[in-house]
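Below: one structure, written as structure tokens.
Since every read-out is calculated from the coordinates, none of them should be taken as a lab result. Please read these numbers as outputs of a predicted model, since none were measured by experiment. Backbone-built Cβ (ideal geometry, glycine too); neighbour counts: all protein chains shown.
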There are 4 protein chains.
Amino acid sequence: MTAIALIIGAGSGLSASLARLFAKEGITVALAARQIDKLAGLAGEIGASRFTVDASKPDQVEQLFNQVEQQLGVPTIVIYNPSARISGAIVDLDPVEVLRTLEITAYGGFLVAQAAAKRLLKVGEGAIFFTGASASVKGYARSAPFAMGKFALRGLAQSLARELAPQNIHVAHFVIDGGIRSDRRPEPVDKPDSLLDPDAIAQTYLSILRQPRNAWTWEIELRPWVETF
Amino acid sequence: MTAIALIIGAGSGLSASLARLFAKEGITVALAARQIDKLAGLAGEIGASRFTVDASKPDQVEQLFNQVEQQLGVPTIVIYNPSARISGAIVDLDPVEVLRTLEITAYGGFLVAQAAAKRLLKVGEGAIFFTGASASVKGYARSAPFAMGKFALRGLAQSLARELAPQNIHVAHFVIDGGIRSDRRPEPVDKPDSLLDPDAIAQTYLSILRQPRNAWTWEIELRPWVETF
Amino acid sequence: MTAIALIIGAGSGLSASLARLFAKEGITVALAARQIDKLAGLAGEIGASRFTVDASKPDQVEQLFNQVEQQLGVPTIVIYNPSARISGAIVDLDPVEVLRTLEITAYGGFLVAQAAAKRLLKVGEGAIFFTGASASVKGYARSAPFAMGKFALRGLAQSLARELAPQNIHVAHFVIDGGIRSDRRPEPVDKPDSLLDPDAIAQTYLSILRQPRNAWTWEIELRPWVETF
Amino acid sequence: MTAIALIIGAGSGLSASLARLFAKEGITVALAARQIDKLAGLAGEIGASRFTVDASKPDQVEQLFNQVEQQLGVPTIVIYNPSARISGAIVDLDPVEVLRTLEITAYGGFLVAQAAAKRLLKVGEGAIFFTGASASVKGYARSAPFAMGKFALRGLAQSLARELAPQNIHVAHFVIDGGIRSDRRPEPVDKPDSLLDPDAIAQTYLSILRQPRNAWTWEIELRPWVETF
């Protein structure tokens, strides 16, 4: 029986890299996102299933896990990637949008972790991984909402690592400290390797996933060689 | 002209200590809380004004600042104390309550900071202080929502310290690492000074408030001598 | 009976500010440094005693504490300020000098803390304060030796805070994140308050010293309002 | 041409696991330690060379690198594992031993990193890895010297990551947070996986070593699933 990975926020380049790498490793992949139309190509390529979800809504998250379970089985690898960022001087921010970014970046992480934990504790094993950013550990000026959301997600991950690791569930938090290359953001020709390759990030996720439980990592950061920190 | 301090979450013992100390220092005090009936005694004692507010609601926060401004003037010292905590295994938590704790602990901090910043940037000076907890820097097992809220509040404070300090607004975050003594939680007779005295905490807030801008603190922690950390 | 403060590394501007402030508060001051000739003026001004010591030498540190104890009494306030910094690419550093900077910045802190603890544990109270820098929490490029020394001093302070606080000895670590103004490094005219005033730093040390033991701080940072961090 | 890995502090169980894993990956291994007699078996098993060195002595470290270079070539993978730990109340520690532990745990790391950097900057690539411990990020009571040494080593690693990464040298620091199983410290029968398996740790070192430079990690922690943190 193959493992099943559920990737939330599947529209990102990192999610696509994770999906391809997992599939290559023989893991069944479930892709979940608010918009799944544009995931048809990826899904077809690697034989993944697609699920529509707004991860900030309790009912939808519960429904998502039920659907995945019915169609594929319990996902023992759950990855939470969604985030929303609004920038600007604090006086210029729209309070409604700020709450929305918190819901997407952090509260959705809680909902997904809760739904995952309910099932993984029954199965007796599994992994829940959270994708962080530079803002997870450093609150930048003019970026308060993103700092709030990513700090909160890190607090969630740390709390769950303490709570769930002794119950055989591997919780990890990845601090991605730098830009990720994509079609819209190609590598600058004169600055080789100055943007993270999503395939390289995915490879590190897989390494952490492969760790035996006597040597688990709860947090790791990744950045390009030339990134200032 | 005296300075005006606005204390949000005025129902706590720490808030009462801050109010009394500020009043003693000649600072005009405005007390804001969801329930202000029980603040009548304190307000009368120190000549403070009371304001009703649910700090997690944008409209109410804006109205609060307008009322304080009209009645007393612009508050140049703003302190955010509210927090909500629910504990338990992640699988047992009520998602609706979790979101509510985030709104009270962190989102309200944003709303208050935004309303304060709008006014302080015009005045050209001021202080915004946030009260944190052990959970601000350590995510404990079975306490994910509090970790999320307090980590988020710390991210907010750190971001604002970077953004607003160079604009002459002192932003600080206080990590209160231990229990605070109160009528309901008296000092254990056999463990002297094992709970924080809210008057002692307030004294440190005042010390930080008195710092000249060439030597500002953005974060400080406080704990009883016998507290494990 | 007045308290006695022993300031090690007394030649710095911060030490002078601490000495003057303590004297003003009625505390008897002992100044210790490798060169005490130039401390004659300060000592005369505030009625302080001077002691010669190389704080990186076990015998000299033990002798220092014995001398202070004989002449003045047990110093219940002990402040460790010495540090040495050499900068440059790692490949260009002189290994002999690197070891020397570790001895001055960190090992001397251990020796002083040990000599102080031996006496304070008998007295049953006291304070040991360590002066850190930006490099205490961030290892900068081309500054490996200073990072090593200041990180080590912070590790010492944190370990001692955990060990000695429950024995009624207040251990604190001050992260001074910015340049300190002095005769040799005057405030830039066009950048007011961009350098820390040593008198302002000293005032914060005094505030921490005055904390009752139910609300002790072990670490605090200080920086100018315009300092990037 | 195969890569060459130089492992300093080769007598530990982790070093042996690293040596075997590297050899299996086709990497030529050089083992360096103060006592190399007992390394004969391991060296024979994997075809490794042995070198005697006290890594806290500048001359010996320089000589070591020269010997390795002559016999095998420039080692482009350099791992620093030595540490010394003395525990006890601060008042009971022997100052001479404390200095010695700093020299072994931290100063030796500097000497090795300097000798490595001199050669790697000429080659234009390479990796320098440092092995940390729980004490690298938390100063425990009654363990001041170990905290000083490990904090210092972390400061060194962080400084060098900032300095050398942009010069194509991967610097990483591994926080090993838990006991490592060995012949002398076997796994408790009733607590499976409660001690780190050195082979599992080594596998994570290899994963970090294999990272492309667009996604480098400078710090990662590892602990058993049931370890409290």
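Could you check the simple spin-label distance between C:I86 and B:K38, using points 7 Å along Cα→Cβ, in nm with one decimal?
Calculated label separation equals 6.3 nm.
Using Cα springs under 10 Å in a Gaussian network model of chain D, which residue among D:P82, D:P198, D:P95 shows the largest mean-square fluctuation?
Highest fluctuation of the listed residues: D:P95.
Could you list which residues have their amide H under 5 Å from that of C:E221, counting only those 5 or more apart in sequence or on another chain, with H placed in the peptide plane?
Counting only residues 5 or more places away or on other chains, the set is B:W218, B:E219, C:V175.
What FRET efficiency, computed as 1/(1 + (r/R0)^6) with R0 = 51 Å and r the Cβ-Cβ distance, is obtained for A:E25 and B:K191, rounded to the nearest 0.05? Working shown, then result.
Numbers: r = 54 Å, r/R0 = 1.06.
With R0 = 51 Å, the Cβ-Cβ based efficiency is 0.40.
Have a look at B:S207, B:S143, B:S12 and tell me which one the Gaussian network model of chain B (Cα, springs below 10 Å) gives the largest fluctuation.
B:S207
Take B:E163, A:E125, D:E69 and order them by how many other Cβ atoms sit within 10 Å, fewest up front. Walk me through the numbers on the way to the answer.
Values: B:E163 21, A:E125 13, D:E69 16.
Fewest-to-most ranking of B:E163, A:E125, D:E69: A:E125, D:E69, B:E163.
What is the range A:4-222's relative contact order, in percent, from Cα pairs under 8 angstrom and six or more apart in sequence?
Once normalised by length, the contact order is 19 percent.
Quick one: order A:L153, D:L21 by neighbouring beta-carbon count within 10 Å, fewest to most.
Numbers: A:L153 32, D:L21 20.
So the residues, fewest neighbours to most, are D:L21, A:L153.
Round to a whole angstrom and tell me the spacing of the C-alpha centers of the range A:193-229 and the range B:87-161.
About 29 Å separates the Cα centre of the range A:193-229 from the one of the range B:87-161.
What is the average number of partner chain Cβ atoms found within 10 Å of a Cβ in D:133-145?
Working: counts 0, 0, 3, 2, 2, 5, 11, 5, 10, 4, 4, 14, 6.
Average per residue, whole number: 5.
List, in order, the whole-Hz ³J(HN,Hα) value for each residue of the range D:79-88 obtained from phi through the Karplus relation with A = 6.51, B = -1.76, C = 1.60 and θ = phi - 60°; use x for Gly and Pro.
10, 10, 10, x, 7, 10, 10, 10, 10, x
Would you mind telling me which residue in A:G41, A:G155, A:G126 has the biggest mean-square fluctuation in a Gaussian network model of chain A, where springs connect alpha carbons within a distance under 10 angstrom?
A:G41
Of A:L31, B:L42, how do they rank once you tally other Cβ atoms within 10 Å and put the fewest first? Write out the running numbers ahead of the final one.
On the way: A:L31 25, B:L42 20.
Ascending Cβ contact count within 10 Å gives the list B:L42, A:L31.
Would you mind computing, in nm to one decimal, how far apart the modelled labels at D:R210 and C:E45 are, each placed 7 Å from Cα along Cα→Cβ?
The modelled label-to-label distance comes out at 6.4 nm.
HN-Hα J couplings of the range B:28-33 from phi, Karplus 6.51/-1.76/1.60, θ = phi - 60°, integer Hz, Gly and Pro as x?
6, 10, 10, 9, 10, 7
Hey, what does the equivalent ellipsoid look like for the protein assembly as shown, semi-axes from the Cα gyration tensor as sqrt of 5 times each eigenvalue, largest first, whole Å?
Listed largest to smallest, the semi-axes of the protein assembly as shown are 42, 40, 24 Å.
Would you mind checking the pairs D:K57/D:K118; C:K57/C:K118; D:K38/D:K122; C:K150/D:K138; A:K138/B:K150 and listing those with alpha carbons more than 22 angstrom apart?
Values: D:K57/D:K118 17 Å; C:K57/C:K118 17 Å; D:K38/D:K122 34 Å; C:K150/D:K138 15 Å; A:K138/B:K150 15 Å.
Check vs 22 Å cut-off fails for D:K38/D:K122.
Counting each DSSP H run of 4 or more residues in the protein assembly as shown as -39500 (n - 2.57), what helix-only mean residue ellipticity at 222 nm follows after dividing by all residues, to the nearest 500 deg cm²/dmol?
On the way: 28 runs with 361 residues, N = 916.
Rounded to the nearest 500, the figure is -12500 deg cm²/dmol.
Out of every Cα pair in the range D:4-222, what percent are spaced more than 22 Å from each other? Could the numbers behind the result be given before it?
Working: 11815 of 23871 pairs.
Across the range D:4-222, Cα pairs with separations above 22 Å total 49 percent.
Name the long-range amide H neighbours of C:V53: under 5 Å, sequence gap of 5 or more, or other chain; modelled H, no Pro or chain starts.
For C:V53, the qualifying residues are C:A33, C:R34.
Once amide H atoms are placed 1.01 Å from N in the peptide plane, what residues at a sequence separation of 5 or more from C:I86, or on another chain, have their amide H within under 5 Å of its amide H?
Long-range HN contacts for C:I86: C:F146.
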